[in-house]
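For reference, the structure is listed below as structure tokens.
The values are calculated or read from the model by the stated rules, or taken from the named source; none is laboratory data. On a predicted model such as this, the values are computed, not experimentally measured, just so you know. Heads up, the Cβs are rebuilt from the backbone with ideal geometry, glycines too, and the neighbour counts pull from every protein chain shown. What goes into the accessible areas is simple: the full protein's heavy atoms, side chains included, and nothing from ligands, DNA or RNA. Shrake-Rupley method; radii C 1.70, N 1.55, O 1.52, S 1.80 Å.
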Amino acid sequence: MPILLLVILALLPFSQAAADVIEKVDTVTYTATATPERTLRQILIAATPIRHEGRRFHGYTNWNIRWNYRWFRAPNGACRITEVTTDLRVTVQLPALSGGSEAQRRRFDTYLDALRAHEDEHVELSRQAAHRIDREIAALPAVYGCHVLEEQADALGHRILAEFREKEKQYDRKTEHGPRLP
């Protein structure tokens with residue numbers, strides 16, 4: 001009887017694996033000190049520590065996704081994912097204005113709102129990538145050979161990462177890397 005039960009359990013369809021995205025989003029600022037004789041553009045370009053591909057930017061979003069999973073090998077040799085945990089870490093870098101005239105501060109606040117909205121879209125793309133990785137790895141079908149399952153899961157995660165990195169590039173091209181100073 002115990003052998004028959006094992007055979008029946010091995011033949012039952014596998015249920016969907018448990019999945020979980022852990023997210024941490026941090027915002028860090030750099031200080032741009034305003035002086036009356038300089039334009040806001042000059043102030044921000046002089047202050048920004050953000051350089052990417054030879055260009056200076058006023059804001060930047062950096063994200064990293066890591067995934068871990070557990071699998072189970074059934075008595076018949078089939079392996080399936082039983083649990084996925086996906087870790088999303090995001091850092092958004094934005095300017096903070098120090099000093100300046102009332103007009104400079106109003107202009108900066110308007111620009112910062114638009115810049116934050118642009119960077120928020122990068123954060124949203126990273127969230128979409130993390131949740132998709134988590135969901136799709138959890139949904140992988142059972143296969144014979146746990147090493148094959150691991151290769152499939154990791155390849156899937158890397159394909160999704162590449163797809164979303166390309167979406168980010170397209171978004172930046174479309175928006176010309178964010179708002180322009182008013």
Go through (1) touching a helix residue (DSSP H, G or I) at 6+ places or on another chain (Cβ under 8 Å); (2) open to solvent by 20 Å² or more (accessible area, probe 1.4 Å) for Ser126 and report which single condition fails. (2)
Top-ranked residue of the range 47-61 - restricted to ones that are part of a strand (DSSP E or B) and surrounded by 10 or more Cβ atoms within 10 Å (Cβ to Cβ), ranked as farthest from the chain's Cα centre (by Cα): Arg56
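Quick grid of which residues meet (1) farther than 17 Å from Gln152 by Cβ; (2) open to solvent by less than 20 Å² (accessible area, probe 1.4 Å); (3) not in a strand (DSSP E or B):
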site: Asn64; (1), (2), (3): yes, no, no
site: Trp67; (1), (2), (3): no, no, no
site: Trp71; (1), (2), (3): no, no, no
site: Pro75; (1), (2), (3): yes, no, yes
site: Val84; (1), (2), (3): no, yes, no
site: Arg89; (1), (2), (3): yes, no, no
site: Val92; (1), (2), (3): yes, yes, no
site: Pro95; (1), (2), (3): yes, yes, no
site: Ser98; (1), (2), (3): yes, no, no
How many residues of the range 18-39 are over 30 Å from Asp134 (Cβ atoms) and not β-branched (Val, Ile, Thr)? The answer is 6
From the set of residues in the range 77-122 that are in contact with a strand residue (DSSP E or B) (Cβ under 8 Å, 6 or more places away or on another chain) and hydroxyl-bearing (Ser, Thr, Tyr), which is nearest to Glu168 (Cα to Cα)? Thr91
Please determine, by comparing only the residues of the range 58-117 that are of a type in the set (Phe, Trp, Tyr) and touching a residue at least 24 places away in the same chain (Cβ under 8 Å), which one is nearest to Thr48 (Cα to Cα). Tyr60
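Sort out which residues of the range 141-160 are open to solvent by less than 30 Å² (accessible area, probe 1.4 Å) and in a helix (DSSP H, G or I), and write them in order of number.
First, pick out the residues of the range 141-160 that are open to solvent by less than 30 Å² (accessible area, probe 1.4 Å): 143, 145-146, 149, 153, 156-157, 160.
Of everything in the range 141-160, those that are open to solvent by less than 30 Å² (accessible area, probe 1.4 Å) and in a helix (DSSP H, G or I) turn out to be Cys146, Leu149, Ala153, Leu156, Gly157, Ile160.
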How many residues does the range 65-109 hold that are polar (S, T, N, Q) and under 26 Å from the mean Cα position of the chain (by Cα)? 6
Can you confirm whether the range 10-20 contains a residue that is at pLDDT 95 or above and crowded, with 17+ Cβ neighbours inside 10 Å? no
